[in-house]
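Contents: one structure, followed by commentary.
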Amino acid sequence: MDMNRYTIHHFPEFIDQRGSLIPFELNDDFPFKVKRVYLVTAKNNQSRGGHAHRIESELFIAAQGTVKAKVNANGNDEVITLDKKNKALEVAPFCWHEFYDFSEDAILLCFSSTHYLPGETNYITDKAEFLNNFKA
């Protein structure tokens, strides 16, 4: 994946009369080695994210409800709706991403390539700085 890029993945979904099952195999077919998994929710129309990572790759899935993602790929904002449990958004390092318009029941499932790395070591939180210095 090139700098400032994102990828949409579709995982298999097995549906029968009992419901559905979507496996996320954490093997060589997964986009990266997973070191952390976490959940995100939002209250009162709040947005989440709003940054790029210097080191970390992440993969996001709306495990419940719907969430809109705004990513910046090569200097242009693009909106992706995460509305299916088997549809995932992968963001590479130096890809700006923010999440908004969470449905009331939304839960965002997140896979990360790193353990938590706080601060400037990993995060670019100023979008103007990001656009000036990191767009392809």
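The values are calculated or read from the model by the stated rules, or taken from the named source; none is laboratory data. Just so it is clear, the structure is predicted and the values come from calculations on it, not from any experiment. Every residue, glycine among them, receives a Cβ derived from its backbone with ideal geometry; neighbour counts consider all protein chains shown.
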### Message
Among the listed residues Asp105, Asp126, identify the single one that is of a type in the set (Asp, Glu) and modelled with pLDDT of 95 or more.
### Response
Asp105
### Task
Would you mind stating whether Lys68 is among the charged types (D, E, K, R) and part of a loop (DSSP other than H, G, I, E, B)?
no
### Query
Looking only at residues in segment 81-121 that are closer than 22 Å to Arg5 by Cα and polar (S, T, N, Q), which one is surrounded by the fewest Cβ atoms within 10 Å (Cβ to Cβ)?
Thr121
### Query
How many residues does segment 21-59 hold that are part of a loop (DSSP other than H, G, I, E, B), within 18 Å of Gly119 (Cβ to Cβ) and under 12 Å from the mean Cα position of the chain (by Cα)?
1
### Query
Among the candidates Glu98, Glu120, which residue alone is free of Cβ contacts under 8 Å to residues at least 60 places away in the same chain and part of a helix (DSSP H, G or I)?
Glu120
### Query
With respect to Glu104, is the statement that it is assigned to a strand (DSSP E or B) and either closer than 28 Å to Pro12 by Cα or touching a residue at least 24 places away in the same chain (Cβ under 8 Å) (or both) true?
no
### Query
Out of segment 62-78, which residues are small (Gly, Ala, Ser), at pLDDT below 95 and at negative phi?
Ala73
### Task
Could you pull out the residue among Val71, Val67 that is under 22 Å from Ala128 (Cβ atoms), buried (at least 17 other Cβ atoms within 10 Å of the Cβ) and aliphatic (A, V, I, L, M)?
Val71
### Residue selected from segment 8-40 under the condition at pLDDT 95 or above and among the polar types (S, T, N, Q), by the criterion surrounded by the most Cβ atoms within 10 Å (Cβ to Cβ)
Ser20
### Message
Of everything in segment 1-20, what is assigned to a loop (DSSP other than H, G, I, E, B), closer than 19 Å to Asp77 by Cβ and among the polar types (S, T, N, Q)? Give them in sequence order.
### Response
Asn4
